[in-house]
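Undergrad: Quick one: the structure is below, and I'll ask about it shortly.
Nothing in this text is a laboratory measurement; each read-out follows from the coordinates by a stated rule. Not measured: the values here are computed from a predicted model. Please note: Cβ atoms are built from the backbone with ideal geometry, for glycine as well, and neighbour counts cover all protein chains shown.
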Amino acid sequence: MFGSCCNIDNVARIFQKRKRAYFVDLFVRVSNQVSINMYKRLGYTVYGTVLEYYSGNPNEDVFDMRKALSSDVKKKSVIPLAHPVRPEVVKIQFLYTSIVLFDMLVKASFPLWFT
């Protein structure tokens, strides 16, 4: 478990340097108190709750936990949400972020195409 969280922080530092990332984002089941406490010790905060993210009996919510990177000087990326969100909202945000990152990657890989 500690190996994976340490790798997350290493990847975050790389993205911060290369792509000016503002935060690291991860999801943790609300019932997983051991992981929640570990991530809090590593500087993550609960940004929000995603309702019924995992299906089961009963369905289980997750905490969206974030850690601000040094690019986010004012720590705006970790201001907690006022209300829980549904998984559909998270999927739309993820899709948008993926498109933006893909666009950045293509432009960085083929700069002459975009001049």
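Undergrad: Testing the spin-label approximation: label points 7 Å from Cα along Cα→Cβ at L81 and F27. State their distance in nm.
TA: 1.1
Undergrad: If you don't mind, another one. For Y47, enumerate residues with amide H under 5 Å from its amide H, sequence gap 5+ or separate chain, H modeled in the peptide plane.
TA: When sequence neighbours closer than 5 places are left aside, the close amide H contacts are D64, M65, R66.
Undergrad: Once phi is turned into θ = phi - 60°, what whole-Hz ³J(HN,Hα) does the Karplus curve with 6.51, -1.76 and 1.60 give for every residue of segment 73-89, x standing for Gly and Pro?
TA: 4, 8, 6, 5, 6, 10, 5, x, 5, 6, 9, x, 10, 8, x, 4, 5
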